[in-house]
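Student: What follows is a structure written as structure tokens; I'll ask about it next.
The values are calculated or read from the model by the stated rules, or taken from the named source; none is laboratory data. This is a predicted model, so every value here is computed, not measured. Backbone-built Cβ (ideal geometry, glycine too); neighbour counts: all protein chains shown.
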Amino acid sequence: MAAALAVGGMIGPGIFLLPGQIARFGMVSVAGWSCAIAGAMLLAWLIGKLTQAMPDADGAVTMCTRALGPIPGVLIGWSYWASNCSANAFYALGAVRYLALVFPKLAANTDILIMSANIILWGLTVLNLGGARGVGWFQLVSTVLKLIPLIVALLVVMWLGAHGMLTEVQPHVPLQIPTITHAIGYIFFAMLGFEGVAVVAGMVREPAHNVPRAMMLGTGLTGGLYLILCTGILLALPNAALRTSGAPVAFFLETYLGHGVGPVVSLFVAIAAIGALNGWLLINAELPLGMARAGLLPKAFTRLSGRDVPVRLLLLSSGTSCAMILFGRGQTTSGLLDFMQTVTTASNLWLYVGVCCALIMRGIVRMPALIALAFSFWVIWGTGWEAVRDSLLLMATVIPLYYFNYLAKKSS
């Protein structure tokens, strides 16, 4: 079950958009995938080592707090929360991007796309206000549906490969470190989520044993699936057409299975994106709730509704995602998605930096931790200066809350 949680956390709408976003890198993307999978596997192993060292901790954020102190802990936890807010904005936009293949007016201009994404975001927020039961049923159905187009696409790729129908990518992109760095800034977005098991380690039975195994297994299986699928689509379609496609997986299946397949696949993917958003909205409200209960954030954040929903935190999470969508209003649709994707990756990676630093401070597997720390900073650099800057700004928004809470506790 923990391995399924790792896989479910990784497989989201990003993989359905990524083949078109990384087509510009050509076969260099294979090198990017190889580095991303290896780095994610190393990070998963290291998070497992930290879990084994602190089996009684509630999650990765708590582990970082214990090892590094409350201020680094709250900054890391808040950055992870901000990463999820950005991911939720990406999910809402991705859902509309695929729905536009069935209802073209949704993509008539950026304003309509943004409005549609916010309608989905706030509609699911209302659903979450009703409690976990309705969210759970919606999540179960959407999780099953999101696997169908991936499995079909993978089978088509395998069939094309068996019949020698995969051709060389043109134009050729030279294999250079700066190009790989740029590519991995996009690619690593699809690898995010394996750490979800460690974030909720307190809910896993025998976490010291099960969390590391689940993360390693989930990361390896999902990374391998992504590598085969994205490379197969890259080799099967004209590069120029793939780069301009707003829904590359649907475009791929439509090309080889017929025109009527595209809208059906698009609906499946849109449902998958909406389902991912639905689940992460509730999870993202729980993260600062745990930080508040640990005394890192104001006690007011611990208040729950009659249905055990942290209403204030849920509204804060959705409001932040909404603001992120509106912040990119002046960009093109593709530019807006790229912005959300890179900010999400940069913000999420600070958790991995914290884990590596915690291991180094505790004297646990220091050399692998140093390698993973260098890898994490490399990926952060690959997301671009704007994404790094925005991730730091989002992280800094928690500082007033932390010191307000500190002063309140000191005066009481």
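Student: Scan segment 389-401 residue by residue and report those that are buried (at least 21 other Cβ atoms within 10 Å of the Cβ) and either farther than 10 Å from Ser79 by Cβ or of a type in the set (Val, Ile, Thr) (or both). Before you say what the answer is, go through the steps one by one.
Tutor: As a first pass, look at segment 389-401 and keep what is buried (at least 21 other Cβ atoms within 10 Å of the Cβ): 390-391, 394-395, 398.
Asp390, Val398 - these are the residues of segment 389-401 that are buried (at least 21 other Cβ atoms within 10 Å of the Cβ) and either farther than 10 Å from Ser79 by Cβ or of a type in the set (Val, Ile, Thr) (or both).
Student: Also, I was wondering about something else. The conditions are (1) within 20 Å of Ala23 (Cα to Cα); (2) modelled with pLDDT of 85 or more, and Leu257 fails exactly one of them. Which is it?
Tutor: Unmet condition: (1).
Student: Return yes or no: is Phe194 modelled with pLDDT under 85 and aromatic (Phe, Trp, Tyr)? Even if it seems obvious, please write down each step before you answer.
Tutor: Details: modelled with pLDDT under 85: yes; aromatic (Phe, Trp, Tyr): yes.
Answer is yes for this residue.
Student: So, in segment 272-308, how many residues would count as being among the β-branched types (Val, Ile, Thr) and buried (at least 21 other Cβ atoms within 10 Å of the Cβ)? Before the answer, list the steps.
Tutor: Initial filter on segment 272-308 (among the β-branched types (Val, Ile, Thr)): 274, 283, 302.
Then keep just the ones that are buried (at least 21 other Cβ atoms within 10 Å of the Cβ); that gives 274.
Total meeting the criteria: 1.
Student: Taking Leu253 as the residue in question, decide whether it is in contact with a helix residue (DSSP H, G or I) (Cβ under 8 Å, 6 or more places away or on another chain), closer than 25 Å to Ala40 by Cβ and in a helix (DSSP H, G or I). Write out each step before concluding.
Tutor: Details: in contact with a helix residue (DSSP H, G or I) (Cβ under 8 Å, 6 or more places away or on another chain): yes; closer than 25 Å to Ala40 by Cβ: no; in a helix (DSSP H, G or I): yes.
For Leu253, the condition - in contact with a helix residue (DSSP H, G or I) (Cβ under 8 Å, 6 or more places away or on another chain), closer than 25 Å to Ala40 by Cβ and in a helix (DSSP H, G or I) - is not met.
Student: Kindly evaluate His172 against the criterion of being over 30 Å from Asn405 (Cβ atoms), over 16 Å from the mean Cα position of the chain (by Cα) and not in a helix (DSSP H, G or I).
Tutor: Numbers: over 30 Å from Asn405 (Cβ atoms): yes; over 16 Å from the mean Cα position of the chain (by Cα): yes; not in a helix (DSSP H, G or I): yes.
So His172 fits the description; yes.
Quick grid of which residues meet (1) at pLDDT 85 or above; (2) surrounded by 24 or more Cβ atoms within 10 Å (Cβ to Cβ):
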| residue | (1), (2) |
| --- | --- |
| Lys49 | yes, no |
| Pro72 | yes, no |
| Ile76 | yes, yes |
| Ala89 | yes, yes |
| Phe103 | yes, no |
| Asp111 | no, no |
| Ser116 | yes, no |
| Trp122 | yes, no |
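Student: Residues in segment 258-275 that are out of contact with any Ser or Thr (no Cβ under 7 Å at 6 or more places or on another chain) and either within 22 Å of Gly94 (Cβ to Cβ) or of a type in the set (Val, Ile, Thr) (or both): how many?
Tutor: Of all residues in segment 258-275, those out of contact with any Ser or Thr (no Cβ under 7 Å at 6 or more places or on another chain) come to 258-270, 273.
Narrowing further to those that are either within 22 Å of Gly94 (Cβ to Cβ) or of a type in the set (Val, Ile, Thr) (or both): 261-270, 273.
Residues in segment 258-275 being out of contact with any Ser or Thr (no Cβ under 7 Å at 6 or more places or on another chain) and either within 22 Å of Gly94 (Cβ to Cβ) or of a type in the set (Val, Ile, Thr) (or both): 11 in total.
Student: What single numbered condition from (1) over 30 Å from Leu150 (Cβ atoms); (2) among the charged types (D, E, K, R); (3) assigned to a helix (DSSP H, G or I) fails to hold for Asp338?
Tutor: (1)
Student: Further, regarding this structure: Contact list please: Cβ distance under 8 Å, first residue in segment 215-242 and over 21 Å from Glu168 (Cβ atoms), second residue buried (at least 22 other Cβ atoms within 10 Å of the Cβ) and acidic (Asp, Glu), pairs at least six apart or on different chains.
Tutor: Pairs found: Met215/Glu195.
Student: Can you find, within segment 6-35, the residue that is modelled with the lowest pLDDT among those that are touching a Ser or Thr at 6+ places or on another chain (Cβ under 7 Å) and under 21 Å from Trp378 (Cα atoms)?
Tutor: First pass over segment 6-35, keeping only residues touching a Ser or Thr at 6+ places or on another chain (Cβ under 7 Å): 6-8, 10-11, 20, 22, 25, 28, 30.
Keeping just the survivors that are under 21 Å from Trp378 (Cα atoms) gives 10, 22, 25, 28, 30.
Details: Met10: 73, Ile22: 90, Phe25: 91, Val28: 92, Val30: 92.
Of everything passing the filter in segment 6-35, Met10 is modelled with the lowest pLDDT.
Student: Which residue, of Met158, Met215, is of a type in the set (A, V, I, L, M, F, W, C), at pLDDT below 85 and assigned to a helix (DSSP H, G or I)? Spell out how you get there, then give the answer.
Tutor: Values: Met158 fails: at pLDDT below 85.
Result: Met215 is the single residue among Met158, Met215 that is of a type in the set (A, V, I, L, M, F, W, C), at pLDDT below 85 and assigned to a helix (DSSP H, G or I).
Student: Which ones in segment 98-111 are part of a helix (DSSP H, G or I) and either within 17 Å of the chain's Cα centre (by Cα) or free of Cβ contacts under 8 Å to residues at least 40 places away in the same chain (or both)?
Tutor: Pass one, segment 98-111, residues part of a helix (DSSP H, G or I): 98-99, 104-107, 110-111.
The answer is Pro104, Lys105, Leu106.
Student: Given the conditions (1) more than 25 Å from the chain's Cα centre (by Cα); (2) part of a loop (DSSP other than H, G, I, E, B); (3) surrounded by 16 or more Cβ atoms within 10 Å (Cβ to Cβ), which single one is not true for His259?
Tutor: That leaves (3) as the condition not met.
Student: Of the residues Ile364, Ile360, only one is surrounded by fewer than 20 Cβ atoms within 10 Å (Cβ to Cβ) and not in a helix (DSSP H, G or I); which? Don't jump to the end; show me each part of the working.
Tutor: Working: Ile360 fails: not in a helix (DSSP H, G or I).
When all the criteria are applied, what remains is Ile364.
Student: Name the residue that is nearest to the chain's Cα centre (by Cα), counting only residues in segment 367-384 that are over 19 Å from Pro72 (Cα atoms) and surrounded by fewer than 18 Cβ atoms within 10 Å (Cβ to Cβ).
Tutor: Checked segment 367-384; the qualifying residue nearest to the chain's Cα centre (by Cα) is Trp381.
Student: So, Val61, is that one among the hydrophobic types (A, V, I, L, M, F, W, C) and either buried (at least 24 other Cβ atoms within 10 Å of the Cβ) or out of contact with any Ser or Thr (no Cβ under 9 Å at 6 or more places or on another chain) (or both) or not?
Tutor: Numbers: among the hydrophobic types (A, V, I, L, M, F, W, C): yes; either buried (at least 24 other Cβ atoms within 10 Å of the Cβ) or out of contact with any Ser or Thr (no Cβ under 9 Å at 6 or more places or on another chain) (or both): yes.
For Val61, the condition - among the hydrophobic types (A, V, I, L, M, F, W, C) and either buried (at least 24 other Cβ atoms within 10 Å of the Cβ) or out of contact with any Ser or Thr (no Cβ under 9 Å at 6 or more places or on another chain) (or both) - is met.
Student: What single numbered condition from (1) touching a Cys at 6+ places or on another chain (Cβ under 8 Å); (2) of a type in the set (A, V, I, L, M); (3) over 19 Å from Gly335 (Cα atoms) fails to hold for Leu50?
Tutor: Condition (1) is where Leu50 drops out.
Student: So, one more: Within segment 232-249, which residues are assigned to a helix (DSSP H, G or I) and either at pLDDT below 85 or among the β-branched types (Val, Ile, Thr) (or both)?
Tutor: Ile233, Thr244, Val249
Student: Just to check your reading of the model, which residue among Ala38, Ala3 is assigned to a helix (DSSP H, G or I), small (Gly, Ala, Ser), at pLDDT 90 or above and surrounded by fewer than 24 Cβ atoms within 10 Å (Cβ to Cβ)?
Tutor: Values: Ala3 fails: at pLDDT 90 or above.
None of the others qualify; the one that does is Ala38.
Student: From Arg66, Arg133, grab the single residue that is among the basic types (Lys, Arg), under 30 Å from Gly306 (Cα atoms) and either modelled with pLDDT under 85 or surrounded by fewer than 23 Cβ atoms within 10 Å (Cβ to Cβ) (or both).
Tutor: On the way: Arg66 fails: under 30 Å from Gly306 (Cα atoms).
Answer to the check: Arg133.
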